[in-house]
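Here is the structure we will look at.
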Amino acid sequence: MRAYKVQNASREKRVGVTAKSLDDLISKGREKLQIPEGEKVTVVIEDDGTVVDSDSFFKKLPSQTVFVFLCKGEQWKGAGDLIYEALSRLHNTARRAELADQIRELMTDENAPEKISIMSQYLEMLEMDIDSEERYEDEDWFEGLNKKYKTKSEVMRHSAQQRIRSYYVSAKEQIQREADGDTKELLLDLLEEINNELKSNDFHGSYFDRQAAARQRLCDKKGWFQCQGAFDRDTCDKLHTINPYASKGYRQLFGLWNLDHIIEKSREVIPTVIEAARTKPKYAELNWQEAYRLLFTKDNLKLVQVGCHKKAARVENTVKTKDFLVT
């Protein structure tokens, strides 16, 4: 004799029983759920709605299986069906709230950590507010942020600008630290050209702005970002995605995603630019446009989820001094 759980279709009552056979389970389940003896009952497995109609099948099921007792006219949607319905109705705000409540009920009664984890992820998806853009529509998303930000896109635009500005600052510091006196002036002039170009491009705030033109942003028009894979991969094998517009938690988590240089900035690009300035012939000019392309544009930048980010040293000498010279 093993222990099981039985419940009615409305999920209003769930109780434990012990049974040695299907008939024994039905008899005890009727009593616990207060179902009249003459009323026909169909027994299904709570997880997926599989009908249990033979003793041989019943005896193959593990203890603590949850059975749902269905009376005439009742139907059962298991956790899997409920989650499938939730995913198919994410666009329906009113229905989303109802489905979220149902999943929350299932989680309350569920003991398996794996199932709870899966259901909690779907519950989080149902409770996301992706479409809201204005501060007054989703105050929670803006918690802890300066009151000057009125839209989510403004916040995300500023986030992209901060990253690009940090690349410019670190490049300038490296040049000032490593360049000798004879070439520093040339390089500071190059940095001035680059800074002017960054200003004209609004420091590429469009990278994270879902309202920007499609060719300028790294996300789709809803704000979904896809990991582009490590520097030595064409794509992300794990298909990482994130939408920082969806919730405060995802906005904060997005801070762990790296805007990564394929050809390394500090070990490859900047040292080669410095060397080009040092060895440049008198008739040549420094090619600031190429330095800009490799430091700040999507030609050499990839958005990478932290799990795909590789810190290992990369192949060196992938750029040459001649790449940064024009004659």
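The values are calculated or read from the model by the stated rules, or taken from the named source; none is laboratory data. Fair warning: this is a prediction, and the values are worked out from it, not measured in the lab. Positions of Cβ are backbone-derived with ideal geometry, glycine not excepted, and every protein chain shown enters the neighbour counts. Only protein heavy atoms, including side chains, enter the accessible area calculation; ligands, DNA and RNA are left aside. Shrake-Rupley method; radii C 1.70, N 1.55, O 1.52, S 1.80 Å.
Observations, loosely collected:
- In nm, spacing of pseudo-spin labels at residue 140 and residue 192 (7 Å Cα→C-beta vector): 5.1
- Tensor-based shape of segment 1-82 (alpha-carbon gyration tensor, a/c under 1.5 rounded, otherwise prolate or oblate): rounded
- Taken one residue at a time, the phi angles of segment 298-305 give Karplus couplings (6.51, -1.76, 1.60, θ = phi - 60°) of 5, 4, 10, 10, 10, 8, 10, 5 Hz. Gly and Pro are set to x.
- Listed residues 259, 231, 291: farthest to the positive end of the dipole of segment 196-326 (Cβ charges): 259
- Working ranking of peptides 207-214, 17-24, 175-182 by packing, defined as the average number of other Cβ atoms within 10 Å per residue, highest first, is 207-214, 17-24, 175-182.
- Charged neighbours of residue 248, selected by a Cβ distance under 11 Å, balance to -3 (K, R count +1; D, E count -1).
- Taking all protein chains into account, the per residue accessible area for segment 193-327 stands at 53 Å² (1.4 Å probe).
- Set the Cα radius of gyration of segment 129-246 against 2.2 N^0.38 Å, with N its number of residues, and you get 1.33.
- Expressed as a whole percent, the accessible area of segment 206-325 that falls on carbon and sulfur atoms is 48 (1.4 Å probe).
- Cα centroid separation - segment 138-191 against segment 44-59, whole Å: 61
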